[in-house]
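A.B. asks: Sharing a structure below in structure tokens format, with a few things to ask.
The values are calculated or read from the model by the stated rules, or taken from the named source; none is laboratory data. Model, not experiment: these values are computed from the prediction. Virtual Cβ from ideal backbone geometry, glycine too; neighbours counted across all protein chains shown.
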Amino acid sequence: MNLTFPPKGFQFSENDTYTFMEELGKGAHGNVFKIRNRAGRYYACKVFDPKVLDDEGQYRKFLQETQIGINIYHEHLVSFHKSVLIRESADADATRYPAILMDYINGHDLATFKKMYEFRFEKPFPRNFAALILAKACSGLEVLHRLNIQHGDIKPGNILISETGYPKLTDYGIATFIGDTSMTAELSGTLRYLAPEQIVSVKDGNVKVDLRADIYAIGIVALELTAGLPGQMYSHPGQVLDFIVNHNEALLNHVEKSELASDLKFVIRSCLDSRVKRRPSKVRELQNVLFHTIYGSHKGLTLEDIGDEMKRLVP
Ligand SMILES: Nc1ncnc2c1ncn2[C@@H]1O[C@H](COP(=O)(O)OP(=O)(O)OP(=O)(O)O)[C@@H](O)[C@H]1O
Ligand SMILES: [Mg+2]
């Protein structure tokens with residue numbers, strides 16, 4: 001989708017008045033804008049491809065999933081405020097875009113934070129930062145899982161870090177109404193977080209995907225931020241998919257050969273097992289080990305310390 005904002009006469013289908021401030025970024029599913037309401041409160045507005053409206057089933061899912069997000073409040077989750085249809089102009093036949101208004105997080109996503117840190121300080125992103133951020137983000141994921149909601153798109157780009165260092169998971173449930181389009185090569189940057197069964201299920205509808213696909217994805221993020229991923233995960237899309245589906249043993253060996261502490265190795269390996277039943281059923285198992293990793297060697301590190309470090313990166 002190639003959306004240029006603010007389009008002339010752009011308006012919400014409701015009577016609310018919002019002012020578009022800036023484009024925050026572009027993802028695989030649409031564009032995200034910073035907007036402000038009349039009271040001066042900021043929101044992030046995620047605008048989706050109008051194709052979501054083509055299929056009634058998909059549109060129903062869009063409304064259902066965003067409705068779930070509207071009723072979730074947690075310090076490590078981005079809250080959704082409402083789903084809206086926005087039009088490019090007042091014309092009745094103007095293109096309508098489905099959109100979600102959510103908390104605006106003044107900070108950076110974890111992928112950007114990590115990149116900025118490594119570029120600026122010319123050293124790897126600290127493992128204790130990664131462990132604390134992920135351990136806290138796990139409590140957000142646990143809340144979703146208790147409600148039986150699959151996040152479906154866990155990756156560093158969907159872990160937003162507020163200016164006070166608080167990680168907040170976003171975009172939960174969105175993968176379900178975006179459907180198979182998430183399998184396009186466009187998404188090559190996010191393929192590496194897909195669990196083997198998510199890939200296989202696209203071809204074979206009998207393969208079920210459940211909450212443990214998220215456990216796999218958070219395991220990949222934990223590995224990426226601590227020991228790094230094997231080179232095959234950065235290859236072209238076909239090879240990444242082949243590696244995930246057919247070379248699980250190589251991935252587990254990569255973890256085993258890493259320099260990580262044995263308890264972290266053990267839990268990451270079990271999260272990444274292609275045999276879904278061998279994975280921990282709860283994210284809490286990974287979370288406990290991540291906390292242990294921090295408190296074992298870096299007692300006293302707080303999210304606020306991480307927030308301060310993030311602020312140092314912005315000139
Ligand atoms: N609630 C938010 N507050 C502030 N910035 C946000 C918010 N949501 C997204 N962003 C920023 O907007 C950019 C685009 O986000 P978007 O979710 O579209 O892309 P993505 O996460 O890379 O991919 P995906 O479409 O798979 O989620 C990201 O850089 C992200 O940091
Ligand atoms: Mg996102």
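A.B. asks: Take the conditions at pLDDT 95 or above, within 22 Å of Ala137 (Cβ to Cβ), touching a Gly at 6+ places or on another chain (Cβ under 7 Å) and of a type in the set (A, V, I, L, M) and apply them to Leu225. Does it pass?
C.D. replies: No: the conditions fail for Leu225.
A.B. asks: What's the number of the condition Met116 fails, among (1) touching a helix residue (DSSP H, G or I) at 6+ places or on another chain (Cβ under 8 Å); (2) buried (at least 17 other Cβ atoms within 10 Å of the Cβ)?
C.D. replies: So Met116 meets the others, but not (2).
A.B. asks: Surrounded by 14 or more Cβ atoms within 10 Å (Cβ to Cβ), closer than 24 Å to Leu169 by Cβ and in contact with a Pro (Cβ under 6 Å, 6 or more places away or on another chain) - does that describe any residue in the range 233-247?
C.D. replies: yes
A.B. asks: So, in the range 37-62, exactly how many residues are among the charged types (D, E, K, R) and surrounded by 15 or more Cβ atoms within 10 Å (Cβ to Cβ)?
C.D. replies: So the answer is 3.
A.B. asks: Further question on the same structure: Can you name the residue in the range 133-167 that is among the hydrophobic types (A, V, I, L, M, F, W, C) and outside any helix (DSSP H, G or I) and, of all such residues, is farthest from ligand 1 (Cβ to nearest atom)?
C.D. replies: Only one residue tops the list, namely Leu147.
Residue-by-condition table, conditions (1) within 21 Å of Leu272 (Cβ to Cβ); (2) buried (at least 22 other Cβ atoms within 10 Å of the Cβ); (3) within 11 Å of ligand 2 (Cβ to nearest atom):
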| site | (1), (2), (3) |
| --- | --- |
| Phe125 | yes, no, no |
| Cys138 | yes, yes, no |
| Leu141 | yes, yes, no |
| Arg146 | no, no, no |
| Ile154 | yes, yes, yes |
| Asn158 | yes, yes, yes |
| Ser162 | no, no, no |
| Tyr166 | no, no, no |
| Leu169 | yes, yes, yes |
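A.B. asks: Now for a separate question. If I go through the range 237-279 residue by residue, how many of them are among the small types (Gly, Ala, Ser) and at pLDDT 95 or above?
C.D. replies: 4
A.B. asks: Keeping to the range 128-144, report how many residues are over 15 Å from the mean Cα position of the chain (by Cα) and under 15 Å from Tyr216 (Cβ atoms).
C.D. replies: Count: 0.
A.B. asks: Tally the residues that are more than 23 Å from Lys155 (Cβ to Cβ), of a type outside the set (S, T, N, Q) and not in a loop (DSSP other than H, G, I, E, B), restricting the search to the range 27-42.
C.D. replies: Residues in the range 27-42 being more than 23 Å from Lys155 (Cβ to Cβ), of a type outside the set (S, T, N, Q) and not in a loop (DSSP other than H, G, I, E, B): 3 in total.
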